1. Does Gly15 satisfy the condition of being within 17 Å of Ile409 (Cα to Cα) and not in a strand (DSSP E or B)?
2. Output the qualifying pairs, or none if there are none: Cβ atoms under 7 angstrom, residues six or more apart or on different chains, first residue in segment 96-124 and within 22 Å of Gly10 (Cα to Cα), second residue among the aromatic types (Phe, Trp, Tyr).
3. Take Gln47 and decide whether it is among the polar types (S, T, N, Q), modelled with pLDDT of 95 or more and in contact with a Cys (Cβ under 7 Å, 6 or more places away or on another chain).
4. Residue check: is Val330 touching a helix residue (DSSP H, G or I) at 6+ places or on another chain (Cβ under 8 Å), assigned by TED's automatic domain parsing to the domain that holds Ala276 and in contact (Cβ under 8 Å) with a residue 12 or more places away in the chain?
5. So, Leu143, is that one touching a residue at least 60 places away in the same chain (Cβ under 8 Å) and assigned to a loop (DSSP other than H, G, I, E, B) or not?
6. Could you check segment 126-167 and list, in sequence order, the residues that are aromatic (Phe, Trp, Tyr) and closer than 28 Å to Ser197 by Cα?
7. Just to be sure before I move on: is Ile61 surrounded by fewer than 19 Cβ atoms within 10 Å (Cβ to Cβ), β-branched (Val, Ile, Thr) and within 30 Å of Thr292 (Cα to Cα) in the structure I sent?
8. Taking segment 352-364 as the region of interest, how many residues are of a type in the set (Ser, Thr, Tyr) and modelled with pLDDT under 95?
Amino acid sequence: MEHSGILVVGGGFSGITAALEAAEVGHDVYIIEKNSCLGGRVSQLNQYFPKLCPPSCGLEINYQRIKNNPRVKFFTLAEVVSVSGSPGNYTAKIKISPRYVNTNCTACDKCSQVCPVETDSEFELGLQKRKAVYRPHLNSFPLRYVIDPAVCLGKSCSKCVDACAYDAIELDDREKEMTLNVGAVIWATGWKPYDVSKLEILGAGKIKNAISNMQMERLASPSGPTNGQIVRPSDGKSPERIAFVQCAGSRDESHLSYCSYICCMASLKQVTYLRAQYPDAQIVIYYIDIRTPGRYDKFLQKIREDEKVLMVKGKVAQVIEDGATGDVLVTAEDIIKGIKKEERYDMVVLATGMEPSVAGQTLPAGMQQDDDGFCISQEAGVIAAGCAKMPLDVMRSAQTATGAALKAIQTVVGR
């Protein structure tokens, strides 16, 4: 039996785009997202190219499109267990983990207010705490709280149950399974920042004022842990000297052997964040090569014209902390001048690379991966999209998602 439905694995920007493109031409689409809300990495950004929009701009429009289209069904806290079959006729088994909060939830926050348990916020990348019952972030979709079973005290506490006036808390919620029959599968599982704890010479994530580029996005975001004020995590001081270390884990045979594509543009964008708040701050960018493809080269030229931005071509040999002040000491070479020296900074931003979210995992549906963990489409009915396929920025991720939707449609229509 042939099926016209399409399964989209991953509810980030690429997955949402692919799902909507297919649904709006008449196909039933099922989005499977392992996290508690849609939006993926884009929802963590302060701004994204090409227009330097806040993520709420593009995501909110897409959320409305999902709400208004009965052909789109999405499942959060869900994972694909297995996919069997052939193009036009796939059977997917899905596992849905308990949320412990039902659709009665109005996001009134009463449950979180009484919750006694705090833990690091994954969304804020450790820069802020959250409760065991929480809303993932300010613009999360669906607008519903979730309970983290790893830290929740369960029925021995139950304060959230007592505080909820809408009977939305279900501490007895259990894992569920379902089966979907579809004609094609789009793999849009996205990316994760490279683990800085593996970067020994760059402080291995132990230096409080040496942050990752994604942490910088959260500091700059109005909805972030500092309400958009970029300050040193250690003491809340305004930085006067900031360094960016490019290729932090990328283009390195010991870590990520490839160029992660987005890191140069991310750092140049983040220079504009700093300049908007600190007109007199001194900024140094240590780089191997600056890669700004196509029209983005104009953005690079704009940054180069800033007299307080110094671009140093050379590899960073060491990043250490001054324990007395919290300052960050960077030892780097300057290839152009032929010198190597140590410089002191208030804060350092590590331009960590992009790694596929599914790197190191065995994937269902016969989806193959290259040596770096990026997905390779092996048959007509299973198509990779977005950063699951290769390192991409938001705009190009959406383009590949549209292409994947077209291939999926061709698969189910052409059978």
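1. Numbers: within 17 Å of Ile409 (Cα to Cα): yes; not in a strand (DSSP E or B): yes.
For Gly15, the condition - within 17 Å of Ile409 (Cα to Cα) and not in a strand (DSSP E or B) - is met.
2. Ile96/Phe75; Val101/Tyr145
3. So Gln47 fits the description; yes.
4. no
5. Values: touching a residue at least 60 places away in the same chain (Cβ under 8 Å): no; assigned to a loop (DSSP other than H, G, I, E, B): yes.
Against the criterion (touching a residue at least 60 places away in the same chain (Cβ under 8 Å) and assigned to a loop (DSSP other than H, G, I, E, B)), Leu143 does not qualify.
6. So in segment 126-167, the residues aromatic (Phe, Trp, Tyr) come out as 134, 141, 145, 166.
The answer is Tyr134, and nothing else.
7. Criteria met by Ile61.
8. 1
The values are calculated or read from the model by the stated rules, or taken from the named source; none is laboratory data. Nothing here was measured: the structure is a model prediction, and the numbers come from that model. FYI the Cβ positions are ideal-geometry reconstructions off the backbone, even for glycines, and counts take in every protein chain you see.
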